[in-house]
Amino acid sequence: MNRLDRQCEQLMSKANCLLGILASAQSRSVASDYKRVLLRSESLKTLQTAEKQAKGTDSNVIYHLCVENAEQRKLDTALSYVKKLLKLEAGSCTRGWILLARILSAQKKYIDAEMVVDAALEQTGKWDQAQLLRTKAKLQIAQGHTKNAIQTYAHLLAALQVQKKTFGIRNKLLNRRDQDRTLEMETWHDLINIYTSLSQWPDAEVCLSKTEVLSHHPASSCHSRGTQRRLLHQAKGLNKEAQKSFWEALDKEPTHVPSLISMAKILIQQPGDQFLHVARSLVRQAICLDRTNHLAWYTLGLLHTLEPVGTSAAEAVECFEAAALLKETAPVEPFR
């Protein structure tokens, strides 16, 4: 009977964990702020129930509790859960290390976060280090160590190339090829952003050509290409090629938040209220998709400042305050 009771508890725990995950997913798609808060609260309560039923021994439940708390910016609570996760998994899974580094980065403890990643790199197999290396590069960028980040990205790309040649058959069997290709695409995108920020246009062009060859994620590729073209021709005014790239990205993936925000920023520069109306619509859509995106809130604040004086001034202040708060607790990579 005791064994049967334990099995029932485990099943109930898994069921509640699934319900918590579903409530969290639903909260990210509803338009009503009131309903969103209710669903987030329900998600946490259900996941906590699942944890109790599993006696705190189910690493999957702990992981989702950690992510949910982190996304709700309950960083101290998330930190305690991720420590439990690492203990349960004995540091054998990279997801725990990466999540810990992201939480520390949200607390602006970049040095500690990088030390965590370095420790994880020492404890994990070399074929599981790719995502850790990308996280490390992001942390180095956040600290202003751009050259170190470029070296880390180079190390990551080299590792992916070796892995591609060495484990070609294994990658096919484990669907690893798609994962590695996605990571390679994202790495080139990160390098594009670095080189454009440094005004190193030839290097950025080389990276851009790499993404065009891979072309695994059309929206992301169009977004990066449009961003770079816009920067290259910024002195000439609005970049029509960038507009085209962003619209192409949105046509292929209407929910691509970076493209929505970038297109809105371009439209803000155009004379005429009709462009502002479209920009406002794009930004609001971006916020509905990702309410923790500080760039979206900041852009919405800019739009409010361009409206006639009145309630828009107060709304602009609220948007800027939200953007500042979210930026203050933003991780170097999304928690989820």
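Throughout, read-outs are computed from the coordinates displayed, never taken from laboratory work. Please read all numbers here as calculations on a predicted model, not as lab measurements. Positions of Cβ are backbone-derived with ideal geometry, glycine not excepted, and every protein chain shown enters the neighbour counts.
Between Arg284 and Arg181, the contour length at 0.36 nm per residue exceeds the Cα-Cα span by 33.9 nm.
Evaluate E = 1/(1 + (r/R0)^6) for Thr57 and Glu315, where r is the Cβ-Cβ distance and R0 equals 56 Å; express this FRET efficiency to the nearest 0.05. In this case the efficiency is close to 0.75.
A Förster radius of 56 Å, combined with the Cβ-Cβ distance separating Gln274 from Ser80, puts the computed FRET efficiency at roughly 0.65. In nm, to one decimal, how far is the Leu121 label point from the Trp201 one, both placed 7 Å along Cα→Cβ? Between Leu121 and Trp201, the label points sit 3.4 nm apart. By its C-alpha gyration tensor, with a ≥ b ≥ c as the square roots of the eigenvalues, how is the range 1-98 shaped: rounded for a/c under 1.5, else prolate for a/b larger than b/c, else oblate? Here the range 1-98 falls in the oblate category.
Between rounded, prolate and oblate, where does the range 56-214 land on the alpha carbon gyration tensor, with a ≥ b ≥ c its root eigenvalues, rounded for a/c under 1.5, else prolate if a/b exceeds b/c? It is oblate, given that a/c is not under 1.5 and a/b is not larger than b/c.
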